[in-house]
Structures are given as C-alpha cells and as structure tokens.
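Working notes for the structure below.
The values are calculated or read from the model by the stated rules, or taken from the named source; none is laboratory data. This structure is a prediction, so every number in the text was calculated from the model and none was measured. No Cβ is skipped: glycine too gets one built from the backbone with ideal geometry, and neighbour counts run over all protein chains shown.
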Amino acid sequence: MHISLFGEIAVHSGDTALTLPSSRKARALLGYLAATARPTRRERLCELFWELPDDPRGSLRWALSKIREVVNADGTSRVEADRERVLLANRQVSVDIVDIRRRLRDDPCTLTPGPLREMADTLARPFLEGLDAAGGDDFQLWLGGEREDANLLYLNVLRQLAVHPQIDQIEALKWARLWQQAAPFQEEAARQFIKLLTMAGRFEEAERTAQAFEQAAQDAGLMISAPIRPDRQAETPAPVAAAPESANKRNLRNQSIGFCRAGDGTRIAYATVGQGPPLIKAANWLNHLELDWGSPIWGPTFSACANGRTFIRYDERGNGLSDWEVPEITFEAFVRDLETVVDALGLDRFPLLGISQGCAVSVEYAARHPDRVSGLILVGGYATGWRIGASQEERARRDAVLTLTEHGWGTSNPAYRHIFSRTFMPDADPADLAWFDEFQRQTTSPQNAVQFQKAFGDIDVRDSLGKVRAPTIVFHGRGDQRIAMEQGRDLANAIPGAQFVPLESRNHILLGHEPAWTVCHKRAIAFLRKHGI
C-alpha cells in the first residue's frame, strides 16, 4: 500500500486507487498520521482538528473508523489506537514524504538521476493540497512547517540534478533553471544556472540573468560573495582535465539536510555527509549547515570528520537553518535538541564531538544516555558558564557585552561581532576574522545572540561529569583566550578515566592550518581506533 501526500492525498493498494472519506478533516487526519509516523496523543489530535463545544473525542473516533476502512482494505490492520494514543503503523505501507526523506538521508552520495527525477516530480506538487483549512490554528502551523520542509527537500533534489555528473548539459540546464526559480536569492543556484547558460552559448541570457540576480540581491539587502558575470572563455568546456573538486565543495554537494521537531515544536535542521560509522557533533556557537562548508574556520575540521565516517551535525535552535523564533533558548533546550536529532536518525550507539559549549551538551547527554554514547571528544570545553562564580567586575563586563550585542549585532559594522571573533581566534589572519564576523551576522539575530550568551552563562554540568561512562579525550589550547585551559583540565579531571591533551594554541576555535589542529586531529583518530569506535 502506498500513501501519496503531495498533491491531493491518495492511497493506492497495488495499482488500485482507494476511495477516501469525503470528510476533509478525516483526510487531513490521515495525512498527519502518515507524515508524522509516530504515536500521537488523542488530546493532541483533537486540538489539531476539532474545537469545543463540539465532541472532539467522538469526532476523532468517527474519523478513525473512516480511515480504517481505507488503510485496512487489504486485510492488514494499520491503525493502532488505545485510550491514549493513535499510530498509523508501518506495515507494508510506504509514504512518499517519508520515503524521500529516508533516501536523501541514507543515500546522499549514491542517488542516480532516475530516483532524483521522480523525487523532483513529486516534490513539485503542493503538500496535502486542498487541506489548508481542514484543522485549527495548530494544524495550520504544522502544515506550514511541513511545506517549508518539503520545499527545502525540493531545492536539495534540484541542486543534485543540476550538478549531477551523469546528466547531460541540456537536461542539467532545465533543472538549474527550476532551482534558480525556486530559490531566486540563492547565490549557488544563480551561479550554476548562469554557468550552464554560458556553456550552452546563450551568452545574452546569461548576462541578463546575472544582472537581474545582482539587482534583486541588492534590493533585498543581501550580500553576495563576488560579482556574478558570465565568463565566455572560462565557462566554455576546454579539452583539458577539469580541476579537482575541493573536499569542502564535494561535501556541501553531497550532504543531505533533514528536519525534525523538538518537543516544544521547534524545527531543528540536521545534516549527514560521508559514509561509515556515525560521528555526531553537538551544536556550538554559531553554526549554519550550508555556510559552514565555505568557512576557513570550520571547513577543514568538518571535512576531516566526514573522512571515512557518516558525519552528523545540526544547527542549534535559534540559528542557522533551524527555527530562529523559538520559545526557549536554554542549556536544557540544547540537550533536548541533541536528543531530538539522535532519535530522529534512529541511532543506537555513537561517539560525540563537542566544541566549546557543545562539550557541556555532550557531557550531559552522555550522563543521561550512557548506553548510547561510545566515546567523547571534547575540544575547548568547560563545566560551568561565565555567570557561575563570577566576580562583580566580570558580571558588569559581560552585561556590557550583552548590551553591545543587542544594539549592534545586525549592523554592517563588524566591530560588535569582532568582540567574539578576536577572543575565539586571536591568531587568525584578517581574512579569516572578516569571514567569521560576517558569518555570525548571517547566522542568528541580535536578540538570539544575547539569549545564547545568557544561556552559556548558566551552564553547570559538574554533577554530571562523574556519571560519564564513555571513554573521553579532552583537548584544550594552552593560551585559549576565551576559556582558560584550567577549565578544560578540570573538565577532564572530573570525568572518570578521561585523557587530557594540552595544545599549543591561543585559539578557542582551532584553525585548520595551525599545528595544534593537526595534533588534535591525529590524536582524536588514534583515540577512536584505540577504543574500537
């Protein structure tokens, strides 16, 4: 049995289309249960689709009876319901949105043009078309979020088709045009479309497209990395071997982005890239699943993590591709977000990589879930935030920084963000610092940047350190300008059996070109091999 949620909802048993209930609420309920694929409380379903003073529970029972007539038509019972929860069980049934998410997550590097074309055709149709007003406000919010997720999947598929090595230039141009139309302000989409137009000899159209994109970006107040101009000589295929693709660009092209929702409804974006045993990186100050790969700061580290492994990371709530407007930015929420991503991916056991405050998140997760964490790699971490034990002078200084952040973060003047970049990487060159300044501005809002700093100040995992059972290695720069090495040493001393490795660096974020980064990388690999992780 197959359930189609794109376009008007449809259910097929083999090649036979089954007749759905005439009730829009019943069809919307079926779509919700199929898309979520998890048990849902009856109270929640009533809130989504029915309002008092009607009889929500009676209406739910009636709708479920109509759904059973459809999904159980071949004699297989698929609706599981007790007094508390309802589930559409995955018994010989496939759902298009669930299948697409799984394929993009599990086979991001091996998808051939055929499956990608089918996905593009499916994703081009509206998700649950015609059911916009079938439920209440909460259903509208859920439906809007699912349609946003589906649109991002669509962009991901169009991108893969536009750059796929097995697709000829003419077809690639078609997909690039659709990609650019679906993401009119995405620089990568515009550049690929213009490149293919130029290679096809359509120079005037390429020039018009470039001018239109730059003007639209300027009108929208967006920055582009460099002017976009068709280069007839550079873009015309030459009878020489093409330059090898950088590891960072290859990883960006191959990574698969997915979304999951935390218990409070916050949408969390995660990405997987590479093949092999999993390695999960806890989120830290600040991330962006796509922009990170172009970073002189994160690019080398993430490429190394994806070498021989399935590297998994996510954007913390409030920044990157995750929801920015969220009900809560706290340390407890950070830990729950990590739990949400792990559960969404169905991982049983894995090593965790923590950097900066991501170390505390990793420690807390490992203490709560000792059976799931096979090892901890902690870099530049600490057990207590800046507010704990701080002097009055230190609190006053931090409060001043919060004020500067709130009023200057979103401006074009990088001086406010420079406060952070200089302490994160005092030995970085000016180009790296300039990149990080602009990266921070694009990655979160001024209000969230303030809330992040407040949340970091309240971190306290001292009681959890002794509960960690996983093998642990702790790295810390001797001259770290943001978190003193003593805090890293204290972290290691309190974790049973942890190994501490001091690094010859003043940077809080290790740079790929400094010797300390190489030492950290080699020792981390040796640690994983030693423990068979």
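The table that follows gives values for the structure above.
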{"quantity": "Residue in the range 223-231 that is farther than 30 Å from Arg313 by Cβ, modelled with pLDDT under 85, in contact with a helix residue (DSSP H, G or I) (Cβ under 7 Å, 6 or more places away or on another chain) and surrounded by 20 or more Cβ atoms within 10 Å (Cβ to Cβ) present", "calculated": "yes"}
{"quantity": "Yes/no for Gln180 being surrounded by 21 or more Cβ atoms within 10 Å (Cβ to Cβ), out of contact with any strand residue (DSSP E or B) (no Cβ under 8 Å at 6 or more places or on another chain) and part of a helix (DSSP H, G or I)", "calculated": "yes"}
{"quantity": "Answer residue from the range 111-145, given it is small (Gly, Ala, Ser) and surrounded by fewer than 14 Cβ atoms within 10 Å (Cβ to Cβ) and is farthest from Gln255 (Cα to Cα) among those", "calculated": "Ala133"}
{"quantity": "Qualifying positions in the range 477-494 - within 22 Å of Phe334 (Cα to Cα) and crowded, with 20+ Cβ neighbours inside 10 Å", "calculated": "Arg482, Ile483, Gly488, Leu491, Ala492"}
{"quantity": "Some residue of the range 44-56 being touching a residue at least 24 places away in the same chain (Cβ under 8 Å), in contact with a strand residue (DSSP E or B) (Cβ under 7 Å, 6 or more places away or on another chain) and surrounded by fewer than 15 Cβ atoms within 10 Å (Cβ to Cβ)", "calculated": "no"}
{"quantity": "Per-region count, the range 324-369, residues under 15 Å from the mean Cα position of the chain (by Cα) and of a type in the set (Asp, Glu)", "calculated": "3"}
{"quantity": "Pairs with Cβ under 8 Å, 6+ apart, first in the range 344-361 and in a strand (DSSP E or B), second among the aromatic types (Phe, Trp, Tyr) and surrounded by 24 or more Cβ atoms within 10 Å (Cβ to Cβ)", "calculated": "Leu352/Tyr365"}
{"quantity": "Qualifying positions in the range 506-520 - surrounded by 19 or more Cβ atoms within 10 Å (Cβ to Cβ) and not in a loop (DSSP other than H, G, I, E, B)", "calculated": "Ala516, Trp517, Cys520"}
{"quantity": "The range 388-409 - residue that is in a loop (DSSP other than H, G, I, E, B) and surrounded by fewer than 16 Cβ atoms within 10 Å (Cβ to Cβ) and, of those, modelled with the lowest pLDDT", "calculated": "Ala390"}
{"quantity": "Residue within the range 495-505 that is of a type in the set (Phe, Trp, Tyr) and either surrounded by 22 or more Cβ atoms within 10 Å (Cβ to Cβ) or not in a helix (DSSP H, G or I) (or both) present", "calculated": "yes"}
{"quantity": "Residue within the range 278-298 that is out of contact with any strand residue (DSSP E or B) (no Cβ under 8 Å at 6 or more places or on another chain), outside the structural domain of Ala428 (by TED's automatic domain parsing) and among the hydroxyl-bearing types (Ser, Thr, Tyr) present", "calculated": "yes"}
{"quantity": "Conditions (1) over 30 Å from Glu171 (Cβ atoms); (2) acidic (Asp, Glu); (3) in a helix (DSSP H, G or I): number failed by Asp74", "calculated": "(3)"}
{"quantity": "Subset of the range 1-41 (residues that are more than 24 Å from Ala344 (Cα to Cα) and either touching a Phe, Trp or Tyr at 6+ places or on another chain (Cβ under 7 Å) or part of a strand (DSSP E or B) (or both))", "calculated": "Ala10, Val11, His12, Ser13, Thr16, Ala17, Lys25"}
